[in-house]
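Here's the structure, in structure tokens; my notes come after.
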Amino acid sequence: MDYDDGLIATTGDALLIRRYDVLLRSRRIPYSQIREVRRIALGRLRRFRIWGTAVPGEWFNLDPRRPRKRIGFVIDAGRPIRPVITPADPDGLVAALSAHNVTVGLRE
């Protein structure tokens, strides 16, 4: 089972985050590099961050729909900057990641 909502996608071997960097290129993270995925509730600071950084060490891809979302995921791929994604269907993303043997933990 793969997931694709236009901004976040899972493929056979990687998580794809679209509109990620300054040039709005995609970031591809192979599942083998993902150390941890944490599900988080988006507070005001994170929810209203459309793109860029709101918290030191975290980076948000461009998502104009983020202010209407409540759930996010912090991806630890072993680099100092951790991507934060806000999929349209959080449970669908969790199912797709689980199908690729990536475990999603909770953070309160």
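The values are calculated or read from the model by the stated rules, or taken from the named source; none is laboratory data. What you see is a predicted model, and the numbers here were worked out from it, not measured in a lab. Here the Cβ positions follow ideal geometry from the backbone for every residue, glycine too, while neighbour counts run over all protein chains shown.
Side notes on the structure shown:
- Members of segment 1-51 that are aromatic (Phe, Trp, Tyr) and modelled with pLDDT of 95 or more: 3, 20, 31
- Only residues that are more than 22 Å from residue 4 (Cβ to Cβ) and either part of a loop (DSSP other than H, G, I, E, B) or of a type in the set (Gly, Ala, Ser) (or both) were counted across segment 26-36, and they come to 1.
- Hits in segment 75-98 (condition: without any contact (Cβ under 8 Å) to a residue 12 or more places away in the chain and within 20 Å of residue 12 (Cβ to Cβ)): 98
- Hey, residue 50 surrounded by 14 or more Cβ atoms within 10 Å (Cβ to Cβ) and under 11 Å from the mean Cα position of the chain (by Cα) or not: no
- Odd one out for residue 41, checked against (1) touching a residue at least 24 places away in the same chain (Cβ under 8 Å); (2) closer than 13 Å to residue 83 by Cβ; (3) more than 12 Å from the chain's Cα centre (by Cα): (2)
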